[in-house]
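> The structure under discussion is supplied below as structure tokens; questions concerning it will follow.
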Amino acid sequence: MVDVVVAGHICLDLIPVIPPKRGGGAPLLLPGTLTEVGPAVLSTGGAVSNTGLALHRLGIPTRLVAKIGEDLFGRAILDLLSKRDSSLASGMIVAPGETSSYTVVVSPPNTDRLFLHCPGANNTFKAADITEDQLRGARLFHFGYPPIMRRMWEREGSELREIFLRANKLGLTTSLDMVKPDPDSDAGRAPWRQLLANVLPFVDVFLPSFEEILYMLDRRRFDSLVGEAGPVSIFSGVDTGLLAELATELLEMGVSVVGLKLGDSGLYLKTTKAEERWQHFGASCPSNLQDWRGRELFTPCFRVNVVGTTGAGDCTIAGFLAALLKGMTASASLIRAVAVGACNVEQADATSGIPDWGVVEERLQQGWPRLEPLVRTTPGWTWDEDSGVWNSEKDGI
Ligand SMILES: Nc1ncnc2c1ncn2[C@@H]1O[C@H](COP(=O)(O)OP(=O)(O)OP(=O)(O)O)[C@@H](O)[C@H]1O
Ligand SMILES: [Mg+2]
């Protein structure tokens with residue numbers, strides 16, 4: 001029996017260790033050259049691996065559902081998952097004749113990294129790949145990365161909607177995560193607003209990053225904000241007013257809880273006031289609804305020694321979902337989300353920084369300094385020292 005089913009995108013990451021070049025040297029990937037590299041690090045990546053394994057590490061019984069080919073890379077994915085826990089590979093779908101998804105991560109020292117990504121079997125993942133048997137008995141369903149899974153974003157997300165409808169009908173609380181599509185790809189030009197309007201009525205918790213949701217809802221503002229930011233963080237041009245606008249639009253599309261991940265500026269949360277919507281929140285509905293309804297909160301990050309941010313967003317979601325499953329308050333869940341996100345960035349890879357839940361609680365109890373966020377709070381927000389969260393006094397929707 002599991003509490004959570006995490007479904008969607010998975011891939012094998014191939015990460016050659018690239019030594020520093022002596023005397024500068026030629027740039028990598030020049031036609032006609034050979035660059036000697038070190039051994040490759042192999043690990044699983046994608047939402048299913050990152051959020052799923054983070055939940056598992058926090059101690060939440062979790063099933064992983066994703067699609068791979070019957071090939072060598074597929075066997076490597078199964079092997080890496082089984083090594084963590086023998087049960088973790090059991091929900092994986094092995095599709096004969098298909099190619100497993102992989103990413104070559106080219107990350108030379110002191111240079112921006114680049115990815116060569118093959119979507120493989122993620123592109124053929126379809127509604128029928130998630131069966132009622134896989135969902136039954138769980139309290140929560142999380143799905144990640146429709147923008148890099150072709151059948152999930154095609155036809156305005158009709159298959160994605162089918163998946164969420166299925167989970168919703170079985171009484172599971174549902175959660176969705178995105179990723180920013182390549183603007184020059186077919187997915188980048190997909191009608192994202194329409195897709196969200198089709199799917200969000202069956203999504204209870206939606207925690208995209210600020211950047212990807214601005215891209216999807218307001219392309220013009222995205223272009224001007226990202227274009228104008230140049231080398232400075234885009235968050236220096238963001239205040240809670242803009243976050244409220246975006247979150248309100250998502251709540252109006254039908255979701256109950258919206259969280260916007262703000263990189264090293266923290267996490268913003270807005271929830272619906274509508275009682276009818278909470279009645280359909282599913283098996284992980286908080287018992288203290290009074291505390292969750294119509295809230296608008298914002299919390300800065302915890303200060304840590306940053307080693308790498310791979311998977312930080314996915315682990316932040318894992319922290320939030322774990323707290324929700326444990327019946328915590330809205331502000332306590334927000335705090336757990338950024339606490340688990342902070343644990344992630346202390347390690348280079350996506351999940352090895354995530355400890356058992358008890359360790360996260362201990363770190364919180366010991367008092368944990370905060371990072372100063374770049375996002376500004378508009379008038380009407382007050383800092384609550386006890387909970388470590390900013391509260392808005394505005395009436396919710
Ligand atoms: N420097 C940092 N220190 C502490 N926590 C951080 C830092 N950077 C990010 N985080 C945590 O990670 C989360 C990641 O937010 P971000 O907006 O980058 O999401 P994302 O783009 O979905 O990330 P990912 O690329 O991992 O999917 C933040 O909400 C925060 O909790
Ligand atoms: Mg993300």
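The values are calculated or read from the model by the stated rules, or taken from the named source; none is laboratory data. This is a predicted model, so every value here is computed, not measured. Neighbour counts are summed over all protein chains in view; Cβ atoms, including those assigned to glycine, are modelled from backbone coordinates with ideal geometry.
> Could you check, for the range 11-29, whether at least one of its residues is in contact with a helix residue (DSSP H, G or I) (Cβ under 8 Å, 6 or more places away or on another chain) and not acidic (Asp, Glu)?
Filtering the range 11-29 for residues in contact with a helix residue (DSSP H, G or I) (Cβ under 8 Å, 6 or more places away or on another chain) gives 11-12.
Among the residues that remain, those that are also not acidic (Asp, Glu) are: 11-12.
The answer is yes, given that some residue of the range 11-29 is in contact with a helix residue (DSSP H, G or I) (Cβ under 8 Å, 6 or more places away or on another chain) and not acidic (Asp, Glu).
> Sort through Ala47, Ala89 and tell me the only one that's more than 16 Å from ligand 1 (Cβ to nearest atom), at pLDDT 95 or above and either in contact with a helix residue (DSSP H, G or I) (Cβ under 7 Å, 6 or more places away or on another chain) or among the acidic types (Asp, Glu) (or both). Show your work before the answer.
Details: Ala47 fails: more than 16 Å from ligand 1 (Cβ to nearest atom).
Checking each option against the conditions leaves just Ala89.
Table: residues versus (1) more than 24 Å from the chain's Cα centre (by Cα); (2) more than 16 Å from ligand 2 (Cβ to nearest atom); (3) not acidic (Asp, Glu).
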residue: Gly358; (1), (2), (3): no, yes, yes
residue: Arg363; (1), (2), (3): no, yes, yes
residue: Pro379; (1), (2), (3): yes, yes, yes
residue: Asp384; (1), (2), (3): yes, yes, no
residue: Ser392; (1), (2), (3): yes, yes, yes
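> Only one residue in Gly319, Gly311 is small (Gly, Ala, Ser), near ligand 1 (Cβ under 9 Å from one of its atoms), at pLDDT 95 or above and surrounded by 24 or more Cβ atoms within 10 Å (Cβ to Cβ), so which one is that? Talk me through it step by step, then tell me what you get.
Details: Gly311 fails: at pLDDT 95 or above.
The unique qualifying residue is Gly319.
> Condition first: under 27 Å from Pro373 (Cβ atoms), modelled with pLDDT of 95 or more, of a type in the set (Val, Ile, Thr) and under 18 Å from the mean Cα position of the chain (by Cα). Can you find one or more residues in the range 235-251 that meet it?
no
> Report every pair of residues separated by at least 6 positions or lying on different chains whose Cβ atoms are under 8 Å apart, first residue within the range 50-70 and over 13 Å from Phe141 (Cα atoms), second away from ligand 1 (no atom under 16 Å from the Cβ) and basic (Lys, Arg).
Close Cβ pairs satisfying both conditions: Leu53/Arg84; His56/Arg84.
> Restricting to the range 338-397, give me the number of residues that are exposed (fewer than 15 other Cβ atoms within 10 Å of the Cβ), touching a residue at least 60 places away in the same chain (Cβ under 8 Å) and hydrophobic (A, V, I, L, M, F, W, C).
0
> Among the residues of the range 328-338, is any touching a Phe, Trp or Tyr at 6+ places or on another chain (Cβ under 8 Å) and within 16 Å of ligand 2 (Cβ to nearest atom)?
Here is the first cut: in the range 328-338, the ones touching a Phe, Trp or Tyr at 6+ places or on another chain (Cβ under 8 Å) are 329-330, 333-334, 336-338.
From the residues that got through so far, the ones that are within 16 Å of ligand 2 (Cβ to nearest atom) too are 337-338.
Yes.
> Among what's in the range 173-192 and is touching a strand residue (DSSP E or B) at 6+ places or on another chain (Cβ under 9 Å) and hydrophobic (A, V, I, L, M, F, W, C), pick the residue that is nearest to Phe141 (Cα to Cα). Even if it seems obvious, please write down each step before you answer.
In the first step, residues of the range 173-192 are kept if they are touching a strand residue (DSSP E or B) at 6+ places or on another chain (Cβ under 9 Å); the result is 173-180.
This time we only want the ones that are hydrophobic (A, V, I, L, M, F, W, C), so: 176, 178-179.
Working: Leu176: 9, Met178: 15, Val179: 18 Å.
Step by step, filter the range 173-192, then rank; the result is Leu176.
> Still on this model: Let me confirm something: among Val48, Val5, which residue is part of a strand (DSSP E or B), closer than 19 Å to Ser87 by Cα and touching a Leu at 6+ places or on another chain (Cβ under 8 Å)? Talk me through it step by step, then tell me what you get.
Numbers: Val48 fails: part of a strand (DSSP E or B).
Of Val48, Val5, the one residue that is part of a strand (DSSP E or B), closer than 19 Å to Ser87 by Cα and touching a Leu at 6+ places or on another chain (Cβ under 8 Å) is Val5.
> Consider Phe202 carefully, then state whether it is within 16 Å of ligand 1 (Cβ to nearest atom) and either at pLDDT 95 or above or more than 14 Å from Leu160 (Cα to Cα) (or both).
Numbers: within 16 Å of ligand 1 (Cβ to nearest atom): no; either at pLDDT 95 or above or more than 14 Å from Leu160 (Cα to Cα) (or both): yes.
Considered against the rule, which asks whether it is within 16 Å of ligand 1 (Cβ to nearest atom) and either at pLDDT 95 or above or more than 14 Å from Leu160 (Cα to Cα) (or both), Phe202 comes out as no.
> Can you tell me which residues in the range 290-325 are within 16 Å of ligand 2 (Cβ to nearest atom), closer than 30 Å to Gln279 by Cβ and not β-branched (Val, Ile, Thr)?
In the first step, residues of the range 290-325 are kept if they are within 16 Å of ligand 2 (Cβ to nearest atom); the result is 301, 308-321.
Filter once more, keeping what is closer than 30 Å to Gln279 by Cβ: 313-314, 316-321.
Passing the criteria: Gly313, Asp314, Ala318, Gly319, Phe320, Leu321.
> Could I ask something else about it? Do we have Val232 as within 16 Å of ligand 1 (Cβ to nearest atom) and surrounded by fewer than 16 Cβ atoms within 10 Å (Cβ to Cβ) here?
On the way: within 16 Å of ligand 1 (Cβ to nearest atom): yes; surrounded by fewer than 16 Cβ atoms within 10 Å (Cβ to Cβ): yes.
Criteria met by Val232.
> Ile234: under 29 Å from Asp3 (Cβ atoms) and within 16 Å of ligand 2 (Cβ to nearest atom), yes or no?
Here the answer is no, as Ile234 does not meet what is asked.
> Check Ala348 against each of (1) more than 30 Å from Asp112 (Cβ to Cβ); (2) within 19 Å of the chain's Cα centre (by Cα); (3) more than 11 Å from ligand 1 (Cβ to nearest atom) and name the one condition it does not meet.
(1)
> Still on this model: Against the definition (of a type outside the set (Val, Ile, Thr) and surrounded by fewer than 16 Cβ atoms within 10 Å (Cβ to Cβ)), how does Asp71 come out, yes or no?
Working: of a type outside the set (Val, Ile, Thr): yes; surrounded by fewer than 16 Cβ atoms within 10 Å (Cβ to Cβ): no.
Against the criterion (of a type outside the set (Val, Ile, Thr) and surrounded by fewer than 16 Cβ atoms within 10 Å (Cβ to Cβ)), Asp71 does not qualify.
> Please specify each residue of the range 99-132 satisfying the condition of being basic (Lys, Arg) and in contact with a Lys or Arg (Cβ under 8 Å, 6 or more places away or on another chain).
First, the residues of the range 99-132 that are basic (Lys, Arg): 113, 126.
The one that is basic (Lys, Arg) and in contact with a Lys or Arg (Cβ under 8 Å, 6 or more places away or on another chain): Lys126.
> Name the single residue that is nearest to ligand 1 (Cβ to nearest atom) among those in the range 161-190 being part of a helix (DSSP H, G or I) and either of a type in the set (Val, Ile, Thr) or crowded, with 18+ Cβ neighbours inside 10 Å (or both). Break it down into steps so the answer makes sense when it comes.
Start the filter on the range 161-190 by keeping residues that are part of a helix (DSSP H, G or I), which leaves 161-169, 187-189.
From what's left, either of a type in the set (Val, Ile, Thr) or crowded, with 18+ Cβ neighbours inside 10 Å (or both): 161, 163-164, 166-168, 187.
On the way: Arg161: 22, Ile163: 20, Phe164: 20, Arg166: 25, Ala167: 22, Asn168: 24, Ala187: 16 Å.
Once the filter is applied, the top-ranked residue is Ala187.
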